[in-house]
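Remarks on the structure that follows.
What follows draws every value from the coordinates through simple rules; no lab data is involved. The structure presented is a predicted model; accordingly, all values stated were derived computationally and were not measured. Note: ideal-geometry Cβ built from the backbone for every residue, glycine included; neighbour counts use all protein chains shown.
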Amino acid sequence: MKIAFVGKGGSGKTTLSSLFIRHLAANEAAVVAVDADINQHLGAALGLDEDEAAALPALGAHLPLIKEYLRGSNPRIASADSMIKTTPPGAGSRLLRVTEDNPVYEACARTLLLDGEPVRLMATGPFTEADLGVACYHSKVGAVELCLNHLVDGPEEYVVVDMTAGSDSFASGMFTRFDVTFLVAEPTRKGVSVYRQYKEYAKDFGVALKVVGNKVQGPEDIEFLQDEVGEDLLVTFGHSDWVRAMEKGRPARFELLEATNRLALQTLQDAAEDSYADRDWQRYTEQMVHFHLRNAESWGNAKTGVDLTDQIDPGFVLHEALISPRPMPRPAPQPA
């Protein structure tokens, strides 16, 4: 399942995504975690120190390698240079699987041990001063979108993406790449404002949106969220001494997380697993093509000098049956 965590800045989005990743790892699920936020904090939330987090390879820096690998022998793509972030796969393309080794993971992912369980971590890379005036952050997450377009995941396999804050995720078609989007909202008017934006944008694309209340202190906070978001409210999280210790760099073993918050994380996993029954690969592929056509017309053809509509394979539907599963590798990881 492909899972996104979104929300306004300061809502606790990264903290809750890291807790969910730890929860999945504790349940021995195969997990690829992706930090696609402009503020790269997921590595630290998963236990890396500043130097380790800074040493994570940047997906954006390896975009030529990613394109060349994913292009494979697809005859519709003349060169890696002609690929853009929305280029869809077709016959001959190489596809990614959560539980495999490949050159993309080798170059762009690092394996962490979370209480003894392996999790692959990938990061877009930070937005630096060198990018100012010449690029926008959405170009950096293009590598993530391209990988998601070529990724096939099955049951009990998770790709968890910590998205950029606010409604910036709608600057590309990446918001349609997920089985479930968990929107983290505080029980305040500002906290639910991003929810309203997401709800409006997502309604035409069948995006499954679930609200996760955070920093909830009592029944009045829950009632407020229920009034504001209705049946989209899935679960709430309250105060956590475990999280406070984690934020100080002194986390206890994950099994010591408060029982109420462990149950809340299980509710998230249950919702993700339930979404698998609603997965529609045909619609998923059609949406991929839709955004590729939009980008081709608005800027892609001019930038690459080729007609990017020729990259679309009309008979191709991305589906998990295209790749056989492989065992999750256990390379020498970094403890976290």
Here region 293-307 yields Karplus 3J(HN,Hα) values (6.51, -1.76, 1.60; θ = phi - 60°; whole Hz; Gly and Pro given as x) of 4, 4, 5, 4, 6, 7, 8, x, 4, 5, 6, 8, x, 10, 7
Mind telling me which of 32, 229, 161 comes out most flexible in a GNM of the chain, alpha-carbon contacts under 10 Å? 229
With DSSP loop assignment and no more than 15 other C-beta atoms within 10 Å, the trypsin sites (Lys or Arg not before Pro) in region 25-104 are none
So how do 143-152, 181-190, 248-257 stack up, highest first, on mean other-Cβ count within 10 Å? 143-152, 181-190, 248-257
Structure shown: which of 67/199; 2/303; 190/248; 85/210; 13/215; 13/210 lie over 23 Å apart, alpha-carbon to alpha-carbon? 67/199; 2/303; 190/248; 85/210
Hey, can you grab everything whose amide H is under 5 Å from the amide H of residue 161? Only 5+ residues off in sequence or another chain; H modelled, so Pro and N-termini drop out. 3, 4, 5, 34
Choice from 246, 288, 174 with maximal GNM fluctuation in the chain (Cα, 10 Å cutoff): 246
Options (1) 57, 45, 43; (2) 86, 83, 35; (3) 59, 53, 29 are given for Cα extents along the principal axes in Å, and the computed one is (1)
